[in-house]
1. Would you point out the residue of region 1-46, among those that are near the ligand (Cβ under 9 Å from one of its atoms) and not in a helix (DSSP H, G or I), that is nearest to Leu189 (Cα to Cα)?
2. Pairs, please: C-beta under 7 Å, at least 6 apart or cross-chain, first residue polar (S, T, N, Q) and in region 29-47, second not in a helix (DSSP H, G or I)?
3. List every residue pair whose Cβ atoms sit under 6 Å apart, with the two residues 6 or more apart in sequence or on different chains, where the first one lies in region 193-218 and is closer than 14 Å to Ala260 by Cα and the second, anywhere, is assigned to a loop (DSSP other than H, G, I, E, B).
4. Just give me the residues in region 168-180 being part of a loop (DSSP other than H, G, I, E, B), without any contact (Cβ under 8 Å) to a residue 40 or more places away in the chain and within 11 Å of the ligand (Cβ to nearest atom), in sequence order.
5. Could you please let me know if Asn165 is at pLDDT below 95, over 19 Å from Ala257 (Cα atoms) and either buried (at least 19 other Cβ atoms within 10 Å of the Cβ) or polar (S, T, N, Q) (or both)?
6. Asp49 is checked against (1) away from the ligand (no atom under 16 Å from the Cβ); (2) under 30 Å from Glu241 (Cβ atoms) and fails just one. What number does that condition carry?
7. Please work out if Glu194 is outside any helix (DSSP H, G or I), of a type outside the set (Gly, Ala, Ser) and modelled with pLDDT of 95 or more.
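The values are calculated or read from the model by the stated rules, or taken from the named source; none is laboratory data. From a predicted model like this one, the values you see are computed outputs, not experimental measurements. No Cβ is skipped: glycine too gets one built from the backbone with ideal geometry, and neighbour counts run over all protein chains shown.
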Amino acid sequence: MLICHHKTELRTQLSKLRSKGMSIGFVPTMGALHEGHFSLVKRALKENDAVVCSIFVNPTQFNEASDFENYPNTVELDKEKLQETGCQIVYIPSVEDVYENEEIKPLDISFIEGKMEGKHRPGHFEGVVRVLNQFFKIIEPDKSYFGLKDYQQFLVVKELSIQMNLGGEIVGCETVREDSGLAKSSRNLRLSEEDRSKAAIIFQSFQSIKNAEDKLSSVLKSKQKIGQEFDLEYLDLRDGETLQEVSNLDAHQHIRAFFAGKIGNVRLIDNFRIK
Ligand code: AMP
């Protein structure tokens, strides 16, 4: 497995692979890798000749300094596990390497403004778009893999791909969960045992909403229940394509429940397809 810290080195390696006609898959991550990340890498390995996984805690997408500073770092273990998985190239750049000569291109992501993550993490998606623009320019992947765990991000990336005419495919991958239903997340490392088991209530609520006859009142009940454990930011039913709030379920083909909240100072997000 090749480890690149500089984009020039990465570009050289990628052009060698391309000259042999090899396709390139790309999996961007912030490290502290878990089964969710590896599911993306495995899928990318199946669908491409070579896979680049980036490990980069992107400062521009954190709207809280403490969240950035406390972001877990397990880079040595990450490298070992990526090697075991069969990943061919890992890109672990510095902030300078990613952002030098950055040209910020205007992107219209107004569909997310004032909604959910767009509301609760001002500037977050702008930072995601900035870093991905840089990565896509460096790597020019044939296919890039994103988790549906961050569904709002997935929609933003699809929008980026369309507006920037990226050419490569954006692939969404199902959420990998713990046995309790809790979505795997690097942030779970910061949960106490007790909070980790309490956090199973997120998935239980999704299940209750999905199975309920009256889904809107089930959301209200779930909000109350989750609110006893979490500092709840949102639990919304939204259209899976437009993110418009849902008031009449029959009027939508694709509906997802979206959650964000803090427990023990750890902010978790999750979502689940309801229809
Ligand atoms: P992160 O390191 O949190 O930026 O995540 C890197 C990629 O892994 C993103 O596309 C995430 O959506 C995806 N991811 C994170 N957790 C999971 C999970 N539990 N299941 C599937 N994909 C995930």
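1. Ala32
2. Partner pairs satisfying both residue conditions: Thr29/Cys53; Thr29/Ser54; Thr29/Ile55; Ser39/Cys173; Ser39/Val176.
3. Pairs that qualify, where the first residue is closer than 14 Å to Ala260 by Cα and the partner is assigned to a loop (DSSP other than H, G, I, E, B), are Ala199/Leu182; Ala200/Ser180; Ala200/Gly181; Ala200/Leu182; Phe203/Gly181.
4. Glu178
5. Answer is yes for this residue.
6. (2)
7. no
Yes or no, residue by residue, for (1) assigned to a loop (DSSP other than H, G, I, E, B); (2) buried (at least 19 other Cβ atoms within 10 Å of the Cβ); (3) of a type in the set (Ser, Thr, Tyr):
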| residue | (1), (2), (3) |
| --- | --- |
| Glu213 | yes, no, no |
| Lys225 | no, no, no |
| Phe272 | no, yes, no |
| Lys275 | yes, no, no |
